[in-house]
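> Got a structure for you, questions after.
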Amino acid sequence: MTGADINDARAQVANLVKFDILTETQVDDNEKQRQQIARSFISDTVTVPTREMYEYAVLASLGDDVYQEPSTIALEAHMAKLTGKEAALFMPSGTMSNQIALRSHLKQPPYSVLCDYRAHINKYEAGGTAFHSGAHTIPVIPSNAHHLTLEDIQNFVVTGSDLHSAPTEVIEIENTLNGSIFPQDEIIRISEYARSQDIKMHLDGARIWHVAAETGIPLKELVDPFDSVSLCFSKGLGAPVGSCLVGSKALITRARWFRKLFGGGMRQIGILSGSAAYALTYNFPKLVAVHALARKLEQGLAALGVEITGAAETCMVFYDPEPVGVTYGEIAERGSKLPNPLQLGASRLVVHLQTSEAAVDDLINVVRELAEEKKAAGFVRQEKSEQGLGKYKDIYVRKP
Ligand SMILES: Cc1ncc(COP(=O)(O)O)c(C=O)c1O
């Protein structure tokens, strides 16, 4: 090949490689997406970085985090201080953060991890506790239908040396869990018991921010009873990516090793740490207003006769529209047909820092309209005892 030929060949290769990801309508599409996010009640993971967040984040340092990137190290030091732990580690996701925490605590099976049956580690981490740590999970149903108590845990925890069982080495708690706040005095009772049995305590604090914002209890106090805590930046706080695991120096040293092993050692992540720092400074203070908006939604729905099945203690409301004769499907469908559509799942409604108040008003109006239509079409409230139609005192049934 001549010099000219190789240059041609190289130019052709470069031509095949290049790719412009931005569409012609990108700016408008992004704006539309922001509007959709303001009307999505699906999750707080839909929150997106703002221009201001990115403007701040691109100023972060440019190091390689496998070799201790300066902005990320600074963020980790802040997180350790904020939570009163010795050390912290930036993680790509909440799932990896929980799984590496468990993996770092657990050394040699047989062993078990006890948690609430609704816990993220039990239901939504693809069986990672068994896969990564070879641990048996003991999912417990809280007797009060809200949070685990020490007595619930004592009924199921495995201690002693019976060969047939896998001793419990970690008790895992999630706070908030489905938006509800775990009473701190109960956490303290559980942790005192755990310590007496040499059992470690891990907190999935993906949304612990909401507890601190709502109760005014400092994070340090909230997480003091735990040996390790995972906190997420990319949910209610609105950062694009990232979580942080905090704990003792020894635990975090081990976790850093496992993060590399899991393929989670990242390179130039200053921009992610910068986004997280921005979220801590500017978005955390907004959570109080987010909770107030969630309560407005709860009150609006309750006033229509809808059953509230999970109170808006922070950013989530769980509801059942059956008492007004309406189904989740009808609400989602009607919401999706509005000129500015609403995005809805079923029983869970999540309010986040980018939810607009207009979206909350529109959702309440959709349910009101549907309930009125049902009533006009012949649905009447009826005592459940007369009809035996479920758990409601007041429900709608079709007129004979
Ligand atoms: C309570 C809780 N923990 C952990 C996670 C996992 O976070 P990620 O999606 O970043 O893996 C989630 C995700 O929504 C969550 O809700």
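The values are calculated or read from the model by the stated rules, or taken from the named source; none is laboratory data. Nothing here was measured: the structure is a model prediction, and the numbers come from that model. Note: ideal-geometry Cβ built from the backbone for every residue, glycine included; neighbour counts use all protein chains shown.
> Does segment 296-313 contain at least one residue that is out of contact with any Phe, Trp or Tyr (no Cβ under 8 Å at 6 or more places or on another chain), within 16 Å of the ligand (Cβ to nearest atom), at pLDDT 95 or above and not aromatic (Phe, Trp, Tyr)?
Scanning segment 296-313 turns up at least one residue that is out of contact with any Phe, Trp or Tyr (no Cβ under 8 Å at 6 or more places or on another chain), within 16 Å of the ligand (Cβ to nearest atom), at pLDDT 95 or above and not aromatic (Phe, Trp, Tyr).
> Could you tell me which of the residues SER133, SER191, SER143, SER161 is modelled with pLDDT under 95 and of a type in the set (Gly, Ala, Ser)? Walk me through it before giving the result.
Working: SER133 fails: modelled with pLDDT under 95; SER191 fails: modelled with pLDDT under 95; SER143 fails: modelled with pLDDT under 95.
Result of the check over SER133, SER191, SER143, SER161: SER161.
> Another question about this same structure. Please count how many residues of segment 285-317 are touching a strand residue (DSSP E or B) at 6+ places or on another chain (Cβ under 7 Å) and assigned to a loop (DSSP other than H, G, I, E, B).
Final tally of qualifying residues: 4.
> Here's something else I'd like to know. Any chance you could count how many residues in segment 1-54 are of a type in the set (D, E, K, R) and more than 28 Å from the chain's Cα centre (by Cα)?
7
> Scan SER248, SER243 and give me the residue that is closer than 24 Å to SER43 by Cβ, touching a residue at least 24 places away in the same chain (Cβ under 8 Å) and of a type in the set (Ser, Thr, Tyr). Outline the logic, then answer.
Working: SER248 fails: closer than 24 Å to SER43 by Cβ.
Being closer than 24 Å to SER43 by Cβ, touching a residue at least 24 places away in the same chain (Cβ under 8 Å) and of a type in the set (Ser, Thr, Tyr) holds for just one of SER248, SER243, which is SER243.
> Ok, one more. Report, by residue number, each residue of segment 106-133 that is of a type outside the set (Phe, Trp, Tyr), within 13 Å of the ligand (Cβ to nearest atom) and in a loop (DSSP other than H, G, I, E, B).
Result: ARG118, ALA119, GLU125, ALA126.
> Continuing with this model, one more query. Identify all residues within segment 169-202 that are in a helix (DSSP H, G or I) and of a type in the set (Gly, Ala, Ser); write none if there are none.
SER191, ALA194, SER196
> So, in segment 229-267, of the ones that are of a type in the set (D, E, K, R) and assigned to a helix (DSSP H, G or I), which residue ends up farthest from the ligand (Cβ to nearest atom)?
Restricting to residues being of a type in the set (D, E, K, R) and assigned to a helix (DSSP H, G or I), the top hit is LYS249.
> Still on this structure, please answer the following. Yes or no: PHE226 farther than 26 Å from THR47 by Cα, in contact (Cβ under 8 Å) with a residue 24 or more places away in the chain, within 14 Å of the ligand (Cβ to nearest atom) and assigned by TED's automatic domain parsing to the domain that holds ASN98?
No.
> Criterion first (more than 14 Å from the ligand (Cβ to nearest atom), charged (D, E, K, R) and buried (at least 18 other Cβ atoms within 10 Å of the Cβ)) does GLU172 satisfy it? Before you say what the answer is, go through the steps one by one.
Numbers: more than 14 Å from the ligand (Cβ to nearest atom): no; charged (D, E, K, R): yes; buried (at least 18 other Cβ atoms within 10 Å of the Cβ): yes.
No; evaluated as a whole, the condition is false for this residue.
> Among the residues of segment 268-284, is there at least one that is closer than 21 Å to HIS132 by Cα, of a type in the set (A, V, I, L, M, F, W, C) and not in a helix (DSSP H, G or I)?
No, there is no match, as no residue in segment 268-284 is closer than 21 Å to HIS132 by Cα, of a type in the set (A, V, I, L, M, F, W, C) and not in a helix (DSSP H, G or I).
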